[in-house]
Amino acid sequence: MKKMTKRWYRSPRGKILGVATGLAEWRDLPADPVRLIVFLAIICTGFFPGAIIYLIVALCLPANEEDYQTNFKKYYDKGHIYKDAEDANYYEAKEEKSNDDLRAEYENLKKKVEEMENEMFDKEKDWDARFNSTK
């Protein structure tokens, strides 16, 4: 849960335009229940009136620029622009691995693929045996 804001802004962490998440942050509430309540309100109004109101609110609410700038600074590092925190963590982890670590990871993945291939071919043989036994 994010710290309570002084005004209602559209949140960059929102799923659809950030209105419900911004409302949750403004009132210091969990975002998922607020999203559910907004969704149910839109459905109960016959979708179009609720959806139109949601879009009007989204157009009228200012975006929380501080959060957007903070997120951009967080995900822009060393000349890379990352999509999100997960993307940034992936590249940071990728840069920290040594050749020996990469070799060990490669061997582990190779073993997993070989096990999956063996399992797949065993199933094919099983199905072939079943099919041929019915003839």
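Would you confirm whether any residue within the stretch 56-69 is part of a helix (DSSP H, G or I), surrounded by 13 or more Cβ atoms within 10 Å (Cβ to Cβ) and either modelled with pLDDT of 90 or more or touching a strand residue (DSSP E or B) at 6+ places or on another chain (Cβ under 8 Å) (or both)?
Among the residues of the stretch 56-69, at least one is part of a helix (DSSP H, G or I), surrounded by 13 or more Cβ atoms within 10 Å (Cβ to Cβ) and either modelled with pLDDT of 90 or more or touching a strand residue (DSSP E or B) at 6+ places or on another chain (Cβ under 8 Å) (or both), which makes the answer yes.
Contact list please: Cβ distance under 6 Å, first residue in the stretch 26-52 and closer than 18 Å to TYR9 by Cα, second residue surrounded by fewer than 12 Cβ atoms within 10 Å (Cβ to Cβ) and not aliphatic (A, V, I, L, M), pairs at least six apart or on different chains.
Note: no pairs meet the criteria.
Within the stretch 35-50, identify whether any single residue is surrounded by 17 or more Cβ atoms within 10 Å (Cβ to Cβ) and on the phi > 0 side of the Ramachandran plot, and answer yes or no.
There is no residue in the stretch 35-50 that is surrounded by 17 or more Cβ atoms within 10 Å (Cβ to Cβ) and on the phi > 0 side of the Ramachandran plot.
From the set of residues in the stretch 10-34 that are crowded, with 18+ Cβ neighbours inside 10 Å and not in a helix (DSSP H, G or I), which is farthest from the chain's Cα centre (by Cα)?
ARG10
The values are calculated or read from the model by the stated rules, or taken from the named source; none is laboratory data. The shown structure was predicted, so the numbers you read here are calculated from the model rather than taken from an experiment. In this analysis, Cβ positions are derived from the backbone assuming ideal geometry, glycine residues included, and neighbour counts consider all displayed protein chains.
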